[in-house]
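Just below is one structure, and these are the notes that go with it.
Just so it is clear, none of the values below were taken in a lab; they were calculated from the coordinates. Just so it is clear, the structure is predicted and the values come from calculations on it, not from any experiment. Because the Cβ atoms are built from the backbone with ideal geometry, glycine has one as well, and the counts that use them run over all protein chains shown.
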Amino acid sequence: MGNLGLALKNLKRLDEAIDVYLEALAIQERSQGKGHPNTAASLFNLAQLYRDTDRFDLSAEYFEQVIQVDEKSLGAEHPYVADDLEEFAKLRRRMGMDAAADELEARVKAIRGE
């Protein structure tokens, strides 16, 4: 389902892509659980799509869930967590929340040893 969602996203059919990603998320949660890294990947896709459609509050909710799942399942210092935080920082900047973005970016640098 993720490939279909990506195809729809690439075709700029974003609302349809969101529907597909929501369905994929439901399947992931049922089959592998809410705390599985694959579930986090589905959450991440939704966070990005909501950001791309200027639904910043929904995007932020999904990014927060992604970070929580990845930190718990992979560890707070995992490179995927840094990627999650980096994308969340981009969202916060678009929302005009520069201080929050700065904090997230500092965490990214710490994880990456920069």
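Need the full-extension length gain, residue 54 to residue 106, defined as separation in residues times 0.36 nm minus the C-alpha distance. One decimal, nm.
Once the chain is fully extended between residue 54 and residue 106, it gains 16.2 nm.
Starting from the Cα of residue 15, step 7 Å toward the Cβ, then list every residue of the range 30-60 with an amide N under 19 Å from that point.
46-59
Just how large is the dipole of the chain about the Cα centre, in debye to the nearest 20, putting +1 at every Lys and Arg Cβ and -1 at every Asp and Glu Cβ?
In total the dipole reaches around 200 debye.
For the range 47-114, count all C-alpha to C-alpha pairs, find those more than 19 Å apart, and express that count as a whole percent of the total.
Roughly 27 percent, rounded to a whole number.
Cα-based count: Lys pairs in the chain below 27 Å, eight or more positions apart or different chains?
8
Where the convex hull is taken over the Cα atoms of the range 2-112, what is its projected area averaged over directions, in nm²?
Value for the range 2-112: 6.4 nm².
As I understand it, the dipole of the chain uses +1 on the Cβ of Lys and Arg and -1 on the Cβ of Asp and Glu, about the Cα centre. Which of 24, 73, 36 lies farthest toward its positive end?
So the residue we want is 24.
Report relative contact order for the chain in percent, whole number only (criteria: Cα-Cα under 8 Å, sequence separation at least 6).
This gives 17 percent for the chain.
Once Lys and Arg get +1 and Asp and Glu get -1 on their Cβ, which of 82, 95, 47 lies farthest toward the positive end of the dipole of the chain?
Working it through, the farthest residue towards the positive pole turns out to be 47.
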